[in-house]
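Let me begin by presenting the structure, written as structure tokens, before commenting on it.
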Amino acid sequence: MAKILVIEDHQDVRENICEILELSDYDVFEASNGKEGVRIAIAELPDLIICDIMMPELDGYGVIHILNKKSETRDIPFIFLSAKSEKTDFRKGMNLGADDYLTKPFDDKELLQAVELRLQKRKSSGSGETSVNSGFHSEKKLEEALKHLTENSEERVFNKKDIIFSEGERSYFLYQLKQGSIKLFKTHDDGKEVILKLVKPGEFFGYLSAVKDGFFSESATALERSSILHIPRTEFMQSLYEKPELSAYLIKILADNVTEAEERLMNMAYNSVRKKVAEALLFVKRQKQSKSDENTINILRDDLAGIAGTAKETAIRALADFREEGLIKIEDRNIIILDLERLENLPN
């Protein structure tokens with residue numbers, strides 16, 4: 001049974017669409033606004049999304065923009081609903097990646113025909129055995145290229161708070177974290193830090209400066225005792241030219257980082273302080289490598305504030321509120337998440 005997500009803020013319209021689809025034997029999920037729709041789409045991965053354009057909190061254009069940035073949702077067929085009929089609205093929707101466009105009011109037959117057509121096209125475009133084999137060989141070649149890139153690299157150990165490199169310095173190496181944790185950050189003129197990324201073991205960093213102009217655009221510091229491979233920039237650049245699978249891998253990393261940065265910027269712009277701090281805690285939790293204590297977070301309050309994009313004092317007040325509400329507890333400076341579901345679904 002195909003799963004369909006309906007995102008529509010007008011209750012009567014939403015209920016009518018859901019009833020038509022359920023009578024046609026579809027498994028239907030519904031959301032009353034764009035933010036809720038994005039959350040359900042990521043959690044349920046429907047086979048088709050029907051979405052209104054004009055909605056409070058997050059409109060349809062924002063919904064498709066966010067979902068197109070995520071690898072797991074970007075290929076889901078997307079049908080826009082709108083009371084507007086101007087050509088500019090159609091064009092904007094299609095430019096963002098919409099597969100179809102229904103203008104309200106529409107009848108049952110028109111809706112079901114659009115749904116069936118998009119589901120059939122998605123089914124017929126599924127990948128076959130050849131593409132699977134091709135993907136396997138590509139992964140094998142990438143594995144060999146990464147092994148060749150790192151096998152002769154020097155491994156160095158950094159203690160907590162040690163600086164790996166600083167913004168504006170010349171880049172001589174590409175780095176791979178073997179063990180520990182690294183923060184990448186930029187410093188504002190007033191001295192405040194904004195954390196761009198927490199690097200996990202196995203991840204590369206410093207590559208943007210290596211391929212750009214040879215100067216670091218951010219700083220890197222060890223959050224704990226860390227072991228790091230130093231790959232000479234000249235060898236890295238040569239491998240990029242000689243091994244296309246390595247170039248493709250780097251492009252994917254850059255794309256994922258841009259997607260993550262866009263989401264964090266949107267959260268910083270529109271989320272409340274409480275929501276920002278909650279998202280920062282969840283962000284740190286996702287970076288943890290160890291599963292044995294995955295709900296325990298050890299991070300300086302300055303660093304947490306840098307991730308949330310707020311003042312240290314503001315972050316501390318939000319943590320105190322969370323503790324009083326039973327969402328977290330604090331032991332020896334460690335933050336322990338007690339109610340993950342409530343923290344994830346904290347209202348804005």
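Any read-out appearing in this document is the output of simple, stated calculations on the displayed coordinates, not a laboratory observation. Since the structure is predicted, the reported quantities are computational estimates derived from the model, not experimental observations. Please note: Cβ atoms are built from the backbone with ideal geometry, for glycine as well, and neighbour counts cover all protein chains shown.
Assorted remarks:
- Charge dipole (debye, nearest 20) of the chain; +1 at Cβ of Lys and Arg, -1 at Cβ of Asp and Glu: 1200 debye
- Helix axis angle, 244-270 relative to the chain longest principal axis, alpha carbon, degrees: 70 degrees
- Size descriptors for the range 1-72, from the alpha-carbon set: Rg then Dmax equal 11.5, 33 Å.
- Top of E110, E30, E279 by mean-square fluctuation, Gaussian network on the chain, Cα under 10 Å: E110
- Descending semi-axes in Å of the range 144-267, equivalent ellipsoid built from Cα gyration tensor: 23, 18, 14
- The antiparallel fraction among DSSP beta bridges confined to the chain stands at about 65%.
- Translational D in µm²/s for the range 3-124 (Stokes-Einstein at 25 °C, 0.890 mPa s, Kirkwood Rh from C-alpha pairs): 174 µm²/s
- All lysines inside 23 Å of K104 as judged from Cα atoms, apart from same-chain residues fewer than 8 positions distant: K3, K35, K84, K87, K92
- The orientation-averaged shadow of the Cα convex hull for the range 180-224, equal to a quarter of the hull surface, comes to 3.5 nm².
- When all alpha carbon pairs of the range 219-306 are counted in 10 Å bins from zero, the resulting P(r) reads 13, 31, 34, 20, 3 %.
- Against the chain, whose longest principal axis is taken from its Cα atoms, helix 312-324 shows a tilt of about 60°.
- Taking the inverse of the mean 1/r over every pair of distinct Cα atoms in the chain gives a Kirkwood hydrodynamic radius of 23.0 Å.
- Principal-axis tilt of helix 273-287 within the chain, Cα atoms, nearest 10 degrees: 70 degrees
- Centroid-to-centroid separation of the range 44-82 and the range 152-189 [C-alpha atoms, Å]: 38 Å
- Calculated mean residue ellipticity, 222 nm, the chain: -15000 deg cm²/dmol, from DSSP H runs (n ≥ 4) at -39500 (n - 2.57) each, averaged per residue and rounded to 500.
- Here the range 271-344 is treated as a Stokes sphere of Kirkwood radius computed over C-alpha pairs; at 10 °C and 1.306 mPa s its diffusion coefficient rounds to 131 µm²/s.
- Listed by chain and number, the lysines whose C-alpha is less than 25 Å from the C-alpha of K147, apart from same-chain residues fewer than 8 away, are K178, K183, K197, K200, K212, K243, K252, K288.
- Positive-end residue, the chain charge dipole about Cα centroid, Cβ charges, pick of I20, P347, I195: I195
- Ranking I307, Y61, G214 by Cα position along the charge dipole of the chain, where only Lys, Arg, Asp and Glu carry charges on their C-beta atoms, puts G214 farthest toward the positive end.
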